1. Have a look at Gln708, Gln697 and point out the one that is part of a helix (DSSP H, G or I) and touching a helix residue (DSSP H, G or I) at 6+ places or on another chain (Cβ under 6 Å).
2. Report yes if Leu702 is under 28 Å from Lys519 (Cα atoms) and touching a strand residue (DSSP E or B) at 6+ places or on another chain (Cβ under 9 Å), otherwise no.
3. Is there a residue in the range 716-725 that is at pLDDT 95 or above, of a type in the set (Ser, Thr, Tyr) and crowded, with 19+ Cβ neighbours inside 10 Å?
4. Within the range 368-390, count every residue that is within 15 Å of Gly435 (Cα to Cα) and out of contact with any strand residue (DSSP E or B) (no Cβ under 9 Å at 6 or more places or on another chain).
5. Which of (1) under 25 Å from Tyr577 (Cβ atoms); (2) modelled with pLDDT of 95 or more; (3) of a type in the set (A, V, I, L, M) is the odd one out, the single condition Leu329 does not satisfy?
6. Check Pro198 against each of (1) part of a helix (DSSP H, G or I); (2) at pLDDT below 90; (3) under 33 Å from the mean Cα position of the chain (by Cα) and name the one condition it does not meet.
7. Checking Pro168 against (1) in contact with a His (Cβ under 9 Å, 6 or more places away or on another chain); (2) part of a loop (DSSP other than H, G, I, E, B), which test does it fail?
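The values are calculated or read from the model by the stated rules, or taken from the named source; none is laboratory data. Because the structure is predicted, anything quoted here is derived from the model rather than measured. Reconstructed Cβ throughout: ideal geometry from the backbone, glycine too, with neighbour counts over all protein chains shown.
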Amino acid sequence: MESLRPLSLVSKCFSRPYRDRGKLVALSLFVAAASVGYPAKGDGLIGVQDLLQVKELSAPVLSPDGSQVVYTVRSIEERADKPGDYLYHTQLWLAATDGRSPPRQLTRGDANAFSPAWHPSGDRLAFVRAERDRKPQIWVLPLPGSGGGEAYPLTHYSLGAGNPKWSPDGTLLLFSATLSLWDARRELEILNPKAKPPPFGERPGRQFGDTANWGDKRRRDPKSGDSEASVAPKPDGNLQEQREWLAKNEAETNPVVTTRLDFLGEQDLEATETFTHLYTINAEDPGTPVPLTPNLASYQDAVWYPSAAGLQVLFSGEANVSEHPDRILERDLWVVNANGSPSKRLLHDDQYAYTAPQLSPDGSMIAFLGINLNDAGYGHTLLCMLPTRGGPRRFLTTRLDRSVRQFRWAPDSQSLYFVVAEKGAQLLCRVPAGGGKIERLTNYQQGILDFDVRSSGIAAVITKPSNPAELFFLNAKGEDVATLTTHNSEWLQGKAIAKVERRDINTPDGLLIDAWVMKPPNLEGNRRCPLLVEIHGGPQGMWGPGDASMWHEFQYFAARGYGIVYCNPRGSSGYGYAFQHENYQNWGPGPGQDVLAAASYAANLTWIDPTRQVVTGGSYGGYLTVWIIAQDHRFKAAVAQRGVYELSIFFGEGNAWRLVPYHFGGYPWQPDIRALLNAQSPLSHVTKITTPLLISQGETDLRAGVIQSEMLYKSMKVIGCPVEYVRYPGASHELSRSGDPKQRIDRLVRMDEFFQRFIGPVQP
């Protein structure tokens with residue numbers, strides 16, 4: 001049990017009850033009701049195929065002098081070899097921070113380009129280029145100010161290369177690579193061929209490394225010069241020969257054998273482990289990369305760390321390399337010399353996982369994130385501080401009662417900027433490096449999706465109800481100085497944008513929750529429209545004006561003629577620990593009544609036809625959709641997407657299985673927990689469902705699992721409930737966000753058509 005301590009990073013997918021209504025009401029009253037909307041620039045309506053126009057901006061990185069910002073744009077492009085099918089392309093763009101000249105595209109072609117990093121001189125960029133069916137590699141692009149030139153590859157590493165970071169003098173490049181178990185074992189064997197295999201794995205009656213490294217493809221490549229195993233594989237041989245023969249088959253994944261705890265990936269089995277390792281390479285005369293972290297463990301978030309001991313690398317890594325990584329939730333801070341000498345632990349705590357270290361510009365402090373491991377998926381992610389010359393670790397955001405999502409140092413090292421989810425927004429905040437009052441710099445009508453800071457100001461990707469994403473330049477106070485891009489605003493010219501209006505909703509048991517309503521942009525006179533209730537996932541997700549993931553879907557359904565309401569029921573993030581903990585052992589009843597309270601409010605609006613209500617949600621929202629229609633019969637139709645419907649099966653078939661012990665306090669084999677899981681599984685209440693239901697499922701979705709959707713469908717068919725099942729080939733849990741664009745369009749149109757079967761035609 002001890003090995004399954006909580007980690008809020010994994011609980012995002014989706015202890016005792018705590019309630020303080022006074023505090024919760026006070027939090028909800030922090031912001032007065034607001035209306036966020038923009039006048040239409042014409043009578044054009046958002047269409048389903050406008051999904052193909054949406055550009056996603058991310059990773060802004062300011063140049064050393066702050067005069068330019070490089071960033072990435074992900075677009076959807078039609079395939080030249082297969083018209084009607086589409087691919088995602090990510091490319092680098094460059095913008096001047098004064099906003100006086102239009103941005104320009106730096107990279108092109110079929111390969112994706114991302115993870116840009118400025119050289120200290122500001123005359124070139126390192127970035128990652130990923131070509132189809134090839135390992136990603138680091139490329140360097142000279143910029144026009146330095147004479148320009150074509151991009152060229154810096155690495156040709158067989159394991160691939162990512163996350164480049166220049167050393168302070170620009171002579172070295174730090175990067176990471178993903179290794180299979182076989183690769184990591186080979187790395188250890190090369191560096192120390194006489195060492196015994198490390199204690200690793202949990203195979204009953206066996207030891208790690210008791211057969212040859214058959215998974216290392218280079219072992220069987222005659223050109224590599226590697227010899228075969230000292231013992232030949234023979235199915236009819238002695239015990240060791242049999243083991244070698246079986247190991248060879250396993251390396252060829254025929255059959256797949258695992259002893260892992262976390263053996264499920266997002267779309268397939270991950271029977272063997274993978275590891276993230278760190279390397280340096282000479283940027284002037286690239287040769288063989290220097291491994292910094294050879295081990296059967298993972299290390300991330302690496303940054304350069306000039307210190308009294310010389311040039312070092314600071315990073316986050318697993319705390320205990322003698323235990324299987326699936327059971328290690330602690331993350332420590334480590335340092336290693338740039339030449340690859342043994343790593344040294346800098347900070348460890350049994351209660352916290354430490355990640356994302358950043359050295360202050362003056363080198364005096366390390367800021368990082370701390371995640372409470374002893375609070376079952378509910379503890380907030382805190383911004384922490386550690387002096388480089390010694391001293392205790394300090395927390396800077398404990399009183400904020402929110403999780404820190406990302407952060408950056410101010411150039412003068414006196415404060416830190418960070419983003420938190422709060423009341424439907426993603427706010428940019430600032431806190432003194434020594435601790436003190438936290439300032440909220442941006443407003444609740446937008447969301448900061450990504451940002452970077454220099455002395456010249458702040459480059460930020462911002463989403464608003466009027467536009468899914470653009471790049472802005474802000475001053476140190478978070479005030480807009482310039483709009484740097486028009487990637488989405490260009491195609492939005494002439495489109496009628498539905499307004500987003502915030503409402504306070506009182507629930508039957510005394511909670512105050514936030515909800516938002518959207519009126520169809522072309523609704524006029526006394527005409528009433530049907531109501532679509534949308535439910536977010538998580539269950540610790542949060543929707544509002546600061547969420548970009550649902551921008552097109554909301555605008556599409558509003559343009560089709562639906563009134564929309566969505567809310568943040570208890571358990572949502574962005575409202576403090578007490579509110580988030582309200583869904584402990586309470587996935588269905590409490591959050592379900594919150595959603596119904598928002599639906600009841602919206603149904604009483606003068607422009608809503610209360611006899612034509614429909615509902616949908618995905619992931620945990622799919623769970624809650626089915627839970628609600630089993631308890632309430634107001635909806636004419638429902639669509640449950642990639643949901644969880646039987647909690648005991650979810651524990652086994654979903655890779656987000658830790659939500660069961662974290663949110664319900666135990667495991668399915670414990671009688672009291674099994675009774676609770678049964679009581680709150682929508683499948684247990686299937687005989688109460690009368691609402692026509694469309695079940696939408698990705699074929700390879702292992703985050704929530706697939707079997708439960710089949711059980712729900714078959715159960716409803718057997719008892720005669722109106723139900724239809726749609727399965728998307730090759731689709732993961734991310735279908736609606738980053739899935740096949742054609743499938744994403746099909747999903748929206750299919751939902752619309754299904755709703756109209758039961759509420760009649762909808763008028764835009």
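1. Matching residue, one of Gln708, Gln697: Gln708.
2. For Leu702, the condition - under 28 Å from Lys519 (Cα atoms) and touching a strand residue (DSSP E or B) at 6+ places or on another chain (Cβ under 9 Å) - is not met.
3. Scanning the range 716-725, I find no residue that is at pLDDT 95 or above, of a type in the set (Ser, Thr, Tyr) and crowded, with 19+ Cβ neighbours inside 10 Å, so the answer is no.
4. Of the residues in that region, 0 qualify.
5. Among (1) under 25 Å from Tyr577 (Cβ atoms); (2) modelled with pLDDT of 95 or more; (3) of a type in the set (A, V, I, L, M), the lone unmet condition for Leu329 is (2).
6. (1)
7. Every condition holds for Pro168 apart from (1).
Listed here are the residues, each with its yes/no results for (1) modelled with pLDDT under 95; (2) of a type outside the set (A, V, I, L, M).
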| residue | (1), (2) |
| --- | --- |
| Val461 | no, no |
| Asn488 | no, yes |
| Gly510 | yes, yes |
| Asn522 | yes, yes |
| Gly537 | no, yes |
| Gly544 | no, yes |
| Arg560 | no, yes |
| Gly571 | no, yes |
